[in-house]
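Each remark here refers to the structure printed beneath this line.
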Amino acid sequence: MNIEEKIKIIKSVGEEIINEDELRKLLENVETPIAYDGFEPSGQIHIAQGLLKSINVNKLTSCGIKYKMFVADYFAMLNNKYGGDLEKIQIAGKYFVEVWKSCGMDLENVEFIWAKEFYDNNPDYWNTVLKLAMNSTVSRVLKCGQIMGREESTSNPSAQIIYPLMQAADIIHLKANIAQLGLDQRKVNMLARDIFPKIKVRKPVCVHHHMLMGLQYSVNENMSEIDRKIAMKMSKSKPETAIFMTDSKKDVIKKFNKAVSIDGVLEDNPILEYFKYIIFEKYENVSISRPEKYGGDYSCKSYEVLCEDFKTQKIKSIDLKQMAAQYINELLEPTRKHFEENKDAKQLLEKVKSFQTTR
């Protein structure tokens with residue numbers, strides 16, 4: 001695979017890349033670049049964190065990139081997940097790892113790293129956090145509150161100040177060349193790119209992946225484009241709008257049936273997003289059986305054709321939802337089976353379900 005082929009694959013992951021020239025130089029000069037993403041362990045994993053993350057990781061590792069999955073237990077504590085109960089957070093983290101193991105992630109080229117353990121073994125890490133703090137302003141760091149799922153406010157916990165600085169320091173100490181996080185984490189990555197030259201550290205290439213839309217959503221007309229995407233993204237805090245990795249077939253069908261979808265309208269259609277980012281990444285052809293009076297059986301071989309057929313109403317929202325539920329249920333089956341048959345995984349899931357989240 002040549003450099004341009006690798007960049008094409010990486011661009012299929014990154015809705016935004018900062019920047020492509022730096023990415024090209026990185027691929028030309030570093031034999032095995034390192035990319036990372038981090039997750040606060042809490043609650044159950046939805047398919048954006050599970051299936052979509054697995055697809056994106058596998059694309060990057062196919063380009064010769066090593067991937068570091070950062071299980072951010074300390075960050076979940078700072079963000080008051082499970083009331084800051086680190087033991088519960090770490091149980092949720094173990095459950096996260098079991099999900100990733102079950103959904104087709106390329107584990108040969110993925111390393112799972114736990115934040116607390118990592119910090120305990122890297123005493124210089126906190127020196128880096130202090131250096132970053134000395135080279136940034138309070139107001140600039142506060143603007144990064146969005147990465148914690150919070151609005152910018154001086155009434156927020158002071159953890160909102162240390163959290164972004166720690167996340168920036170992670171990039172340095174994980175030796176990550178690529179910060180491969182969602183668009184909702186953009187502000188801290190830009191903070192890192194601004195500060196790193198001040199402390200004589202190479203700034204990372206940022207590959208911001210698309211945030212899968214929730215099946216239902218509400219937005220404000222006055223929002224910026226990025227804020228609008230964040231407001232529309234799938235959220236485990238709104239379980240009726242998200243498909244979780246161990247949802248039953250019945251629940252998946254029920255959630256899709258209630259999803260936003262207007263016949264013939266392509267914009268802001270979460271069902272079409274599932275086809276683009278997940279289903280057509282796994283299947284070369286999709287089909288549905290229909291009575292003749294509703295157009296008869298339907299099949300297509302590309303996302304573009306599907307969009308055109310939906311726009312011209314060759315297929316309707318009810319068809320789209322039925323097909324999406326069918327294929328997503330197939331893709332979730334290995335994870336369901338893993339958590340049904342693996343005793344340890346089953347116990348972890350039961351514990352996570354029993355925990356009450358505070359946020």
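The values are calculated or read from the model by the stated rules, or taken from the named source; none is laboratory data. Keep in mind that what you see is a predicted model, and the values were worked out from it rather than measured. Please note: Cβ atoms are built from the backbone with ideal geometry, for glycine as well, and neighbour counts cover all protein chains shown.
Out of the range 1-26, which residues are of a type in the set (A, V, I, L, M, F, W, C) and in a helix (DSSP H, G or I)?
Residues satisfying the conditions are ILE3, ILE7, ILE9, ILE10, VAL13, LEU23, LEU26.
Which residues, counting only those in the range 291-321, are in contact (Cβ under 8 Å) with a residue 40 or more places away in the chain and surrounded by fewer than 18 Cβ atoms within 10 Å (Cβ to Cβ)?
Across the range 291-321, the qualifying residues are CYS307, LYS311, THR312, GLN313, LYS316.
Given the criteria closer than 20 Å to ARG186 by Cα, touching a strand residue (DSSP E or B) at 6+ places or on another chain (Cβ under 6 Å) and either at pLDDT 85 or above or hydrophobic (A, V, I, L, M, F, W, C) (or both), does MET232 qualify?
Taking the combined requirement at face value, the residue satisfies it.
Name the residues in the range 70-86 that are crowded, with 21+ Cβ neighbours inside 10 Å, of a type in the set (A, V, I, L, M) and touching a residue at least 40 places away in the same chain (Cβ under 8 Å), would you?
VAL71, ALA72
So how many residues does the range 50-64 have that are touching a Leu at 6+ places or on another chain (Cβ under 9 Å) and either buried (at least 23 other Cβ atoms within 10 Å of the Cβ) or free of Cβ contacts under 8 Å to residues at least 24 places away in the same chain (or both)?
Residues meeting the conditions: 3.
If I filter the range 87-101 for residues that are at pLDDT below 95, of a type in the set (Gly, Ala, Ser) and buried (at least 16 other Cβ atoms within 10 Å of the Cβ), do I get at least one hit?
no
Could you check the range 281-359 for helices (runs of 4 or more DSSP H) lying wholly inside it with 2 or more residues that are within 30 Å of ILE91 (Cβ to Cβ)?
Filter on the range 281-359 gives 317-341, 343-354.
Can you name the residue in the range 27-48 that is part of a helix (DSSP H, G or I) and free of Cβ contacts under 8 Å to residues at least 60 places away in the same chain and, of all such residues, is surrounded by the most Cβ atoms within 10 Å (Cβ to Cβ)?
So, considering only residues that are part of a helix (DSSP H, G or I) and free of Cβ contacts under 8 Å to residues at least 60 places away in the same chain, the one surrounded by the most Cβ atoms within 10 Å (Cβ to Cβ) is LEU27.
Would the range 52-65 turn up any residue that is in a strand (DSSP E or B), hydrophobic (A, V, I, L, M, F, W, C) and either assigned by TED's automatic domain parsing to the domain that holds MET190 or touching a Ser or Thr at 6+ places or on another chain (Cβ under 8 Å) (or both)?
No: zero hits.
What's the number of the only condition in (1) modelled with pLDDT under 95; (2) closer than 18 Å to LYS175 by Cβ; (3) not acidic (Asp, Glu) that MET77 fails to meet?
(2)
Being out of contact with any Lys or Arg (no Cβ under 6 Å at 6 or more places or on another chain), in the same structural domain as THR128 (by TED's automatic domain parsing), at pLDDT 90 or above and assigned to a loop (DSSP other than H, G, I, E, B), is that true of even one residue in the range 237-245?
No; the residues of the range 237-245 include none that is out of contact with any Lys or Arg (no Cβ under 6 Å at 6 or more places or on another chain), in the same structural domain as THR128 (by TED's automatic domain parsing), at pLDDT 90 or above and assigned to a loop (DSSP other than H, G, I, E, B).
Quick check on the range 202-221. Is at least one of its residues assigned to a helix (DSSP H, G or I) and touching a residue at least 40 places away in the same chain (Cβ under 8 Å)?
No: zero hits.
Give me a count of the residues in the range 249-264 that are part of a loop (DSSP other than H, G, I, E, B) and free of Cβ contacts under 8 Å to residues at least 12 places away in the same chain.
0
Residue under question is LYS301, and the condition is that it be within 12 Å of ILE279 (Cα to Cα), assigned by TED's automatic domain parsing to the domain that holds ASP263 and more than 23 Å from the chain's Cα centre (by Cα); does it hold?
Yes.
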